[in-house]
Structures are given as C-alpha cells and as structure tokens.
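*Asks:* Next up is a structure, given as structure tokens.
The values are calculated or read from the model by the stated rules, or taken from the named source; none is laboratory data. Small disclaimer: the values here were computed from a predicted structure and weren't measured. Using ideal geometry, Cβ is built from the backbone for each residue, glycine included, and neighbour counts are taken over all protein chains shown. Note: areas computed on protein heavy atoms with side chains; ligands, DNA, RNA excluded. Shrake-Rupley method; radii C 1.70, N 1.55, O 1.52, S 1.80 Å.
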Amino acid sequence: MSTPPPRFEVLPRDLSAYRAGNTGIPYVHRFASGKPGPHVLVNALTHGNEICGMVAATHLLDTGVRPLVGTLTVSFANVAAYESFDREKPFDSRQLVHNLNRIWSPELLEGGEDSPELRRARELRPVVDAADYILDIHSTSQDVEPFWVYPAFERNAQVALAIGRPAVHLVMPDGLGSGIPVIQHGRHGLASSNAGAAMVAECGQHFLQSSADLATEVTLDFLAHFGLIAARPPRERAPQRRYQLLQTYVIRTPEFRFVRPVVGFETFAAGELIATDGADEIRAPEDCTILMPARQAIVGREGVYLARRLAA
C-alpha cells in the first residue's frame, strides 16, 4: 500500500500565540457581536495533520474577523497531535492515541478511559454543545476532489447546496459506523433536533496550498451564509454530486490490501473484489464508489468508505 511521499506546500506553524484564547479553554476564541444571531463554531485540527483548518482558523484570528450578528467561536482541537508533526512521518500526527473525531459518545466522554484526545474532547464538549452551527475543517491523505461529509439531515444538505463548494457531498443516513464524530455529538446527531447544520469540509490533500486556500474560502462562505460576515461576491458554481455512505470498513489485520492502487472515487461493480484483509474479502455490495482509502494497514482504523452515487 505504499504511495509516493506528499508535496509539502503548507507546513505547521507555531500556534503558541493562540493558546490562551479568551474562553478559559486553551486554543478556543469566542467573539460575540452583541446582536441577535446564530452561534457558529469553526473547528480546526480535529486531526493534527489536517493543516488546512489551521490556516483557515488563523486567517480569521489574524485578520480580525468579527461577527456582525450572533457569535463566532474559533477552535483548534487536537493541538497536541499537531505539535507532534514530523516531516519524515507526516501522516503520524493525525492522532496520538484516539481518533478525536470518533469519540463523541456519552459512553466515551463520560467513561473512565483516558487519552490526550479524550481529555481534549471533554474540555471541548461545552464548546461543541454551545454551537448552533458547526464547520469542522478536514483534509485527505490523497489528492482527491474536496467534498462535504454530513449526516443525512435536510438542514445540512440545504447549507451545503447553498454554499455550493465543495461540489461533492457524502451523506450519512446511519452515521459513520466507526464511532461518533464531532458533527454528530449531542443534539447535532438527532434528526428531530432543532439544532442547526453541522458538517465536515474535506478540503483536499493535507499539505497542499490549494487545500488551505479552499478551507479559508469555505470558512468565509459558511460565515457569510449565516450572516456573521458580509455576503460574498457571486461566483460560478460546479454541478453538485451526492453520494450515500453504505459502509465503513475497519481494518482487522496488518495484511489489509487493496486489489489495485486507489486514491479515492474509484468505482467497483456489484460483487467486485475491492480489498482483502487477511482471509476476509471486501467486495462491493452493489455498484459503488470508494472514498478515503487507507494509505497503510493499521488495525482498528478505517480502511475504506463504500458509497453509492445518488441522483443530484
């Protein structure tokens, strides 16, 4: 499963100047307009090597973006993992112990298990709970087309379609199947909830300038959509493509292998062999598209998402 080393166009920067924040929670900054309006959370570095979110969040703070209405919160989540970045092993700073984007269940947050990520999630829980709308900024290990990821609630689809970029949507009717992400914590995971939209923007490959640029643009689009900043200039919009998550396959053995080189968005016919995992075969349950194929076989981590193309 070896792949060429990435291009390093964007690298981590020192975030110590942002540590204090203004909320009593490290690396969390909140700005209230004093006028009625929504509370929007922009969350970066849920995974420590997803640098584009850091670029977008520091852009808001460095340029003094303040909400015209409502409240804006800017959070750097897994800074401990981010600070472990090693250019020789650039994908290892995704997490230290737990995947911070799979541990947002009451059982884990309120349980007795401990790790840097669990401690940070418990620290950030009131931040996520307070937000009406959440933009969680992510990136991908492979250089593939950016895409939204969100629970299959109409409130999320409406926001993604209104913003218009990324043009690809991965919708989750039954969650991820491998843990609870930030965007499904608490009321944001309930279909009947009056919560606002909560969504991930996968902005491109971790270390590319284009990913950082898109993350910044999508963040500004998101804030403008909810009226926290002025409306943005109109632009040409690409046709939207939607996929439904069918299955998340979690790696069981170190022998997990794809049958051919993949980066994401490859298609497989119903019954076609996608990968093997020791003696197990992973076959397409129907004509499907794969997303987020693992770069290496790490037992207990996600190997691949299987998705079906939906009508636009």
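*Asks:* Identify which of Glu236, Glu117, Glu266 has the largest mean-square fluctuation in a Gaussian network model of the chain, with springs joining Cα atoms closer than 10 Å.
*Replies:* Looking only at Glu236, Glu117, Glu266, the largest GNM fluctuation is found for Glu236.
*Asks:* Further question: Taking amide hydrogens as modeled 1.01 Å from N in the peptide plane, which residues meet the under 5 Å criterion relative to Gly175, leaving out close sequence neighbours?
*Replies:* Under 5 Å from the amide H of Gly175 lie the amide H atoms of Ala152, each far enough along the sequence or on another chain.
*Asks:* To continue, here is another question. Taking 0.36 nm per residue of sequence separation and subtracting the Cα-Cα distance, how much length would be gained by fully extending the chain between Asn22 and Ala270, in nm to one decimal?
*Replies:* Between Asn22 and Ala270, full extension yields an extra 84.0 nm.
*Asks:* Using a 1.4 Å probe on the protein chains only, how many percent of the accessible area of the range 98-152 belongs to carbon and sulfur?
*Replies:* 48 percent
*Asks:* Can you tell me the order of 238-245, 31-38, 149-156 when each peptide is scored by its average per-residue count of other Cβ atoms within 10 angstrom, highest first?
*Replies:* Output ranking for 238-245, 31-38, 149-156: 149-156, 238-245, 31-38.
*Asks:* In whole Å, what is the distance between the alpha-carbon centres of the range 279-299 and the range 143-157?
*Replies:* After rounding, the separation between the Cα centres reads 20 Å.
*Asks:* Another one. Would you calculate the separation in nanometres between label points at Arg7 and Arg260, each defined as 7 Å from the Cα along the Cα-to-beta-carbon direction?
*Replies:* Here the modelled spin labels are 2.5 nm apart.
*Asks:* Would you mind working out the accessible area per residue for the chain, using a 1.4 Å probe, and quoting it in Å²?
*Replies:* Per-residue value: 42 Å².
*Asks:* Take every Cα pair under 8 Å in the chain that's 6+ residues apart, average their separations, divide by the length, and report that relative contact order as a whole percent.
*Replies:* 18 percent
*Asks:* Solvent-accessible area of Asp143, probe 1.4 Å, all protein chains present, reported in Å² to the nearest ten, please.
*Replies:* Number for this one is 100 Å².
*Asks:* Round to the nearest 10 and give me the degree value, 0 to 90, for the angle of helix 51-62's Cα axis relative to the longest principal axis of the chain.
*Replies:* The helix 51-62 is inclined about 10 degrees to the chain.
*Asks:* Tell me, in nm to one decimal, what length is gained between Ala311 and Asn194 on full extension, where the rule is 0.36 nm per residue of separation less the Cα-Cα distance?
*Replies:* 39.4 nm
*Asks:* Something else about it: Between Arg122 and Ser210, what's the calculated FRET efficiency when r is the beta-carbon distance and R0 is 25 Å? Round to 0.05.
*Replies:* 0.10
*Asks:* While we're looking at this one, here's another question. Considering the chain as a Gaussian network with a 10 Å cut-off on Cα pairs, which listed residue, Ile51, Ile274, Ile298, attains the greatest mean-square fluctuation?
*Replies:* Ile298
*Asks:* Could you check which residue among Val79, Val182, Val250 shows the biggest mean-square fluctuation in a GNM of the chain with a 10 Å Cα cutoff?
*Replies:* Val250
*Asks:* Probe 1.4 Å, all protein chains in place: accessible area of Val97 in Å², nearest 10?
*Replies:* Result for Val97: roughly 80 Å² accessible.
*Asks:* Let me ask you something else. Report the relative contact order of the range 3-154, percent, no decimals, based on alpha-carbon pairs under 8 angstrom and at least 6 residues apart.
*Replies:* Relative CO of the range 3-154 lands at 27 percent.
*Asks:* With a 1.4 Å probe and every protein chain kept in, tell me what percent of the accessible surface of the range 202-293 is carbon plus sulfur.
*Replies:* Roughly 52 percent of what the probe reaches on the range 202-293 is carbon or sulfur.
*Asks:* Additional query: What is the angle, in °, between the Cα long axis of helix 154-163 and the longest principal axis of the Cα atoms in the chain? Nearest 10 is fine, range 0 to 90.
*Replies:* Here the helix axis deviates by roughly 80 degrees.
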